[in-house]
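The values are calculated or read from the model by the stated rules, or taken from the named source; none is laboratory data. All figures in this text were calculated on a predicted structure; none of them were measured in a lab. With ideal geometry, Cβ positions are generated from the backbone for all residues, glycine too; neighbour counts draw on all protein chains shown. These area figures cover heavy atoms from the full protein model, side chains too; ligands, DNA and RNA do not enter into them. Shrake-Rupley method; radii C 1.70, N 1.55, O 1.52, S 1.80 Å.
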Amino acid sequence: GWGFADFFAKKTIDEIGDIVSLVWAHLFGTVILFTVVLYQWGIHGREVTIPSDWRTWFLLLFFGALQATIYFLVYKGFSKGKVGLLSPVFSSFSGLTVIFSVALFGEILTGHMVLALITVFLGILFLNIDVDALRSNRISFIRLPGFKEVAIAMLLAGFWTLFWDKLVGGQDWILYALFMYTFMTLTMFAIAKTKRVGLRISKHHMWKFLV
């Protein structure tokens, strides 16, 4: 996430830890997405098409687990460094997605599209970067605490976005997103269990930042 999402993520990470923040924030996200799907199905009579082949379910599980890994790395990076410096690094994955799309699938970009891409890419960086923090540190991104985790997450997110688009193309995207998000959240619970991290939150004032 960008902007306020990263700010709130950093706040909860510093208060209750990266894994606890990760699990609860995305559990609430799954519940909200489920509510949206339920609303569209129950109120608007939206047709629900459940995938019937194992390959699709495997891919949904794979994308969910990969997304969990991406956010685990992002939150781990945020726990080590300053979000104002790390957020624009992760935000760059959208530009990488376009580059991967051109390199892997031969998509053609016109001059106007390249200019628009550069403009959007720079806009994301300038909107997210903490210029004062960057000046005061006077260090390179490579030595920035948390940079390694966030940079790896950025690369993975670039590939994830590209191939997720290929999977959901022509499908019921919101239902696929719900299944993927559910698998992602379950993976996060598995990470917490593997690392033996308790998920109880004693600082009750933090709940408002997780919802």
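Right, Ala133: modelled with pLDDT of 85 or more and either hydrophobic (A, V, I, L, M, F, W, C) or on the phi < 0 side of the Ramachandran plot (or both) or not?
no
Here's a check for you: in the stretch 28-73, which residue that is under 23 Å from Phe7 (Cβ atoms) and aliphatic (A, V, I, L, M) is most open to solvent (accessible area, probe 1.4 Å)?
Taking the candidates together, the pick is Ile32.
Within the stretch 79-103, how many residues are among the hydrophobic types (A, V, I, L, M, F, W, C) and open to solvent by 20 Å² or more (accessible area, probe 1.4 Å)?
Total satisfying the criteria: 8.
Residue check: is Lys76 touching a helix residue (DSSP H, G or I) at 6+ places or on another chain (Cβ under 7 Å), open to solvent by 20 Å² or more (accessible area, probe 1.4 Å), among the charged types (D, E, K, R) and at pLDDT 85 or above? Before the answer, list the steps.
Working: touching a helix residue (DSSP H, G or I) at 6+ places or on another chain (Cβ under 7 Å): yes; open to solvent by 20 Å² or more (accessible area, probe 1.4 Å): yes; among the charged types (D, E, K, R): yes; at pLDDT 85 or above: yes.
When the stated conditions are applied, Lys76 passes them.
As an exercise: evaluate Ile124 against (1) under 21 Å from Ile99 (Cα atoms); (2) β-branched (Val, Ile, Thr); (3) modelled with pLDDT of 70 or more and give the number of the one condition it does not meet.
(3)
Check Thr187 against each of (1) touching a Gly at 6+ places or on another chain (Cβ under 9 Å); (2) part of a loop (DSSP other than H, G, I, E, B); (3) β-branched (Val, Ile, Thr); (4) crowded, with 17+ Cβ neighbours inside 10 Å and name the one condition it does not meet.
Of (1) touching a Gly at 6+ places or on another chain (Cβ under 9 Å); (2) part of a loop (DSSP other than H, G, I, E, B); (3) β-branched (Val, Ile, Thr); (4) crowded, with 17+ Cβ neighbours inside 10 Å, only one is false for Thr187: (2).
Any residue at all in the stretch 12-22 that's surrounded by fewer than 22 Cβ atoms within 10 Å (Cβ to Cβ), under 26 Å from Asp165 (Cβ atoms) and of a type in the set (A, V, I, L, M, F, W, C)?
no
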